[in-house]
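Below is one structure, written out as C-alpha cells; the observations come after it.
Just so it is clear, none of the values below were taken in a lab; they were calculated from the coordinates. Computed from a predicted model, the values in this text were never measured in an experiment. Please note: Cβ atoms are built from the backbone with ideal geometry, for glycine as well, and neighbour counts cover all protein chains shown.
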Amino acid sequence: MSDNDMQTVESNVYYDEDADGEAIAQKTVAVLGYGSQGHAHAQNLSDSGVDVVVGLREDSSSWEVAESDGLDVATPAEAAAEADIVSVLLPDTVQASVYEDAIKPNLEAGDTLQFAHGFNIHYNQIQPPEDVDVTMIAPKSPGHIVRRNYENDQGTPGLLAVYQNATGEAQDEALAYAAAIGCTRAGVVETTFQEETETDLFGEQAVLCGGIASLIKQGYETLVEAGYSPEMAYFECMNEMKLIVDLMYEGGLGAMWDSVSHTAEYGGLTRGDEIIDDQVRANMEEVLEGVQNGTFAREWISENQAGRPSYTQLHNAEKNHEIEAVGEELRGLFAWEDEEEESEESAEV
Ligand code: NAD
Ligand code: MG
Ligand code: MG
Ligand code: MG
Ligand code: MG
C-alpha cells in the first residue's frame, strides 16, 4: 500500500467525563466466556452497578468460579436472551458457531453485540442483523490487568469502535461500557473494526509474537552454530530482551539508546538496519497484504475447521526448540526479582 492510500487522522480519545453511565444503567449485559477478558469485564461491570449475567457451557469449570465471584451464570443462549448487550468474550475461533447456535436466535431489535476484537465481524464470520448495534471495547491489556487496575482505582487504555449504529445510541452505550470496566479512566481511542483487526493481526505476526520470536531464535542459533555456549546465547538473545523492551516501554527508543553503552548504540544504529533490511520490510508488506486481503483469515478459519493440523505441529515444534530447554534450566538457577508478581498474575487468570 502506498502512503497515499491511507489518511492519517487524529484519533478521538475519550475519558470519564465523556461517558454517561445512564446509557448502560438500566441494561443487562451478558458476558459470554469467563476467561482472560470475560472475568474482568463481568466483575468490573458488576462492581460498577451494571446488571451482569455470565454465559457459559453447562460443563464449564468456570461456572463455579463465576458464581463464587458473586455473579449470575446461565447458558450462553439463556444469557443472550436475558440481555440487552451481549459481550462476546469467547475465543475468536468459536465465536461464529456460538453466535449461530446461542446468540442469533436470542437477539432482539435494539440489542447490542459487543466485541473485544474485530476478527469475526471484519471477516464476515458473524453477519449481524441490521436492527442491532455492533460495537467494540477492546482493552489494550490482558484481562487480569484490566481487573487489577479497576480494583486499584486505575484505568486500562482501550479502543472503541462502532460497526453498526441501529439505535443511534451505540457510541454512548459503548462509552458507558468502557467507563464501567475502567477504560475511560485511562483513555479510550476511537478506531474502526477494520483498523483494529488489521493492525492487531499485523502487529502480532510481524513484530510482537512472530517477529520477535524468530529474531530471538535466529540470533540464538547463529551464536550456537558458531560454537558459543547455549547459555551465553540464551542470555544475549532472549533474557536481555526484556530489559531492553522495558526501557522502550518506559521512555521510547530514546530511553533505550540513552541507557546502553555508546558502543552498543553505535553498533546497533549501524548494524540494526543490516539485519532488518529491505527484504524484511518487503516481507512485512507481504504479511500486511495477506491480512488486508483476507488470505490469513481464510487460512486460519480452514485450519480450525480441519482440526488444526498445522497449528498443532508448529506449536509442538516451538516447544521443542533447544532454546526452551536451555531457558528452563537457566531460569531455575536464578532468583528473579518479579517472581512474586508473576505468580500472583497467573493465579488471578
Ligand atoms: P479466553 O480463551 O481467555 O477465554 C475464553 C472463555 O470462553 C473461557 O471462559 C472459555 O471457557 C469460554 N469458552 C470457550 N469455548 C466456549 C464455547 N464454545 N461456549 C461458551 N464458552 C466458551 O479468551 P480471551 O483471551 O479473554 O479472549 C476473548 C476475546 O477478547 C477475544 O475476542 C480476544 O481477541 C479478545 N481480547 C483478548 C485480549 C487478551 O489479552 N486476552 C486482549 C484484548 C482482546
Ligand atoms: Mg435480549
Ligand atoms: Mg493486539
Ligand atoms: Mg490479537
Ligand atoms: Mg551486552
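Taking other C-beta atoms within 10 angstrom as a stand-in for reagent exposure, TYR249, TYR177 fall in the order TYR249, TYR177, fewest first. Amide hydrogen proximity for VAL73: with H placed 1.01 Å from N in the peptide plane, the residues at 5 or more positions away or on another chain lying under 5 Å are VAL54.
Ranked by Cβ crowding within 10 angstrom, fewest neighbours first, how are VAL53, VAL326, VAL280, VAL188 ordered?
Listed from fewest to most nearby Cβ atoms, that is VAL280, VAL326, VAL53, VAL188.
Projecting the Cα atoms of VAL207, CYS237, GLY182 onto the dipole axis of segment 155-238, where Lys and Arg carry +1 and Asp and Glu carry -1 at the beta carbon, places CYS237 farthest toward the positive end.
Only lysines eight or more places from LYS104 in sequence, or on another chain, were considered; those with a Cα closer than 23 Å are LYS27. Close amide H partners of TYR163, meaning residues 5 or more places away or on another chain with modelled amide H under 5 Å apart, are VAL134, THR135, MET136. Using the Karplus relation 6.51 cos²θ - 1.76 cosθ + 1.60 with θ = phi - 60°, the per-residue 3J(HN,Hα) values for segment 240-255 come to 6, 3, 4, 5, 5, 5, 4, 5, 5, 5, 6, x, x, 4, x, 5 Hz, with x marking Gly and Pro. Taking the Cα of ALA317, stepping 7 Å toward and past its beta carbon, and measuring to each backbone N in segment 258-301: which are under 17 Å? Only 300 fall inside the zone, counting backbone N under 17 Å. Taken along its principal axes, the alpha carbon cloud of segment 73-163 reaches lengths of 39, 29, 25 Å, longest axis first.
The helix-based estimate of mean residue ellipticity at 222 nm for the chain, built from -39,500 (n - 2.57) per DSSP H run of four or more residues and divided by its residue count, is -15500 deg cm²/dmol to the nearest 500. Summing Cβ point charges (Lys, Arg +1; Asp, Glu -1) relative to the Cα centre of segment 10-191 gives a dipole of roughly 660 debye.
Going from the residue with the fewest nearby Cβ atoms within 10 Å to the one with the most, LEU32, LEU330 rank LEU330, LEU32. Coupling constants for segment 181-194 follow from the phi torsions by the Karplus curve (6.51 cos²θ - 1.76 cosθ + 1.60, θ = phi - 60°), and in residue order they are 9, x, 6, 6, 5, 9, x, 10, 9, 7, 9, 10, 4, 4 Hz; glycine and proline get x. Of all beta bridges that DSSP places with both ends in segment 10-191, some 25 percent have antiparallel geometry. If you add up the charges near LYS140, with Lys and Arg at +1 and Asp and Glu at -1, over every other residue whose beta carbon is less than 15 angstrom from its beta carbon, what do you get? Combined, the nearby Lys, Arg, Asp and Glu give -2. For the chain, the fraction of C-alpha pairs farther apart than 34 angstrom is 35 percent. Taking a straight line from the alpha carbon of LYS140, these lysines sit under 22 Å away, with near neighbours fewer than eight places off in the same chain left out: LYS242. Considering only ASP72, ASP277, ASP133, the Gaussian network model of the chain with Cα springs below 10 Å gives its largest mean-square fluctuation to ASP277.
With one equal scatterer per alpha carbon and no solvent term, the Debye-computed log10 I(q)/I(0) for segment 169-265 at 0.14, 0.15, 0.20, 0.21 1/Å reads -0.78, -0.85, -1.09, -1.13.
Loop-resident GluC sites (Glu not before Pro) (DSSP state other than H, G, I, E or B) in segment 95-145 with no more than 10 further Cβ atoms inside 10 Å of their Cβ: GLU130.
Gain on full extension, evaluated as 0.36 nm per residue between GLU221 and GLU289 minus their Cα-Cα distance, stands at 21.5 nm.
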